[in-house]
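Take a look at the structure set out below.
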Amino acid sequence: TPVIYSWHDWLASLVTDVVDQNDLPNLINTSQSKLLWEACLRKEITNSEANISNLTKLCRDTWQRLSDWEISITEVARSAQSDDQKLFASVAGSYLSILKRDNMIDDAGLAALILGLIQSEIILPSGRFTFVGFDLERPVIATMHQILKTIGAEVYLAPITTVNTGLSLRTYEQCIYNW
């Protein structure tokens with residue numbers, strides 16, 4: 001019977017294969033990451049009416065997406081045009097600086113850490129890996145496939161099933177009924 005993991009759980013399980021755990025950054029959990037993002041946002045945003053909670057979620061989601069697409073904060077800062085983009089780049093830069101200074105890593109950085117550990121042969125996953133449910137193949141996953149193949153692991157991608165539901169788009173005149 002194969003062992004089945006979610007993407008994040010699989011990455012976390014690979015970290016446990018590292019013999020000397022002292023060489024690894026400390027993995028912070030979601031709550032710790034949220035608090036750190038909030039602190040970085042509060043330093044940049046002086047508007048007391050800003051909804052820091054919502055901004056924190058947006059920042060964390062964006063940070064994860066950037067990691068998945070292997071886009072550095074340097075690239076983000078260089079291409080930022082709007083005030084919001086510049087604010088995010090600044091806050092994310094502060095967040096990353098704290099992570100590096102305190103030797104920490106969050107969920108978004110876990111895949112890059114694992115890729116580096118495999119490339120430096122600190123961990124060597126072996127066997128057969130079947131990736132299922134990745135309907136949008138993010139570059140970090142494609143990189144993982146390639147590196148696993150390079151070290152001799154068998155990598156299979158389960159085909160994405162498409163279901164024809166027979167949906168159609170129809171337009172109707174807009175109406176309001178007041179009963």
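The values are calculated or read from the model by the stated rules, or taken from the named source; none is laboratory data. Every value quoted in this text rests on a predicted model; they were computed, and no experiment measured them. So basically every Cβ, Gly included, is an ideal-geometry build from the backbone, and we count neighbours across all protein chains shown. These area figures cover heavy atoms from the full protein model, side chains too; ligands, DNA and RNA do not enter into them. Shrake-Rupley method; radii C 1.70, N 1.55, O 1.52, S 1.80 Å.
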Could you work out the helix-only [θ] at 222 nm for the chain, with each DSSP H run of four or more residues adding -39,500 (n - 2.57) and the total divided by the number of residues, to the nearest 500 deg cm²/dmol?
-> -15500 deg cm²/dmol
Between Asn51 and Phe134, Cβ-based FRET efficiency (R0 45 Å, step 0.05) works out to 0.90
With labels modelled as points extended 7 Å from the Cα through the Cβ direction, what inter-label distance (nm, one decimal) is found for Asp20 paired with Ala39?
-> 2.8
How far apart, in nm, are the 7 Å Cα→Cβ label points at Trp69 and Gln81?
-> 1.4
Nearest 20 debye, what's the magnitude of the dipole of region 37-151 about its Cα centre given +1 on Lys and Arg Cβ and -1 on Asp and Glu Cβ?
-> 200
At a 1.4 Å probe, what is the % contribution of carbon and sulfur to the accessible area of region 39-119?
-> 49
Would you mind computing, in nm to one decimal, how far apart the modelled labels at Asp102 and Gln32 are, each placed 7 Å from Cα along Cα→Cβ?
-> 0.8
Treating cross-link reach as a plain straight distance, find the lysines whose alpha-carbon is under 22 Å from the alpha-carbon of Lys34, omitting any fewer than eight places away in the same chain.
-> Lys43, Lys57, Lys86, Lys100
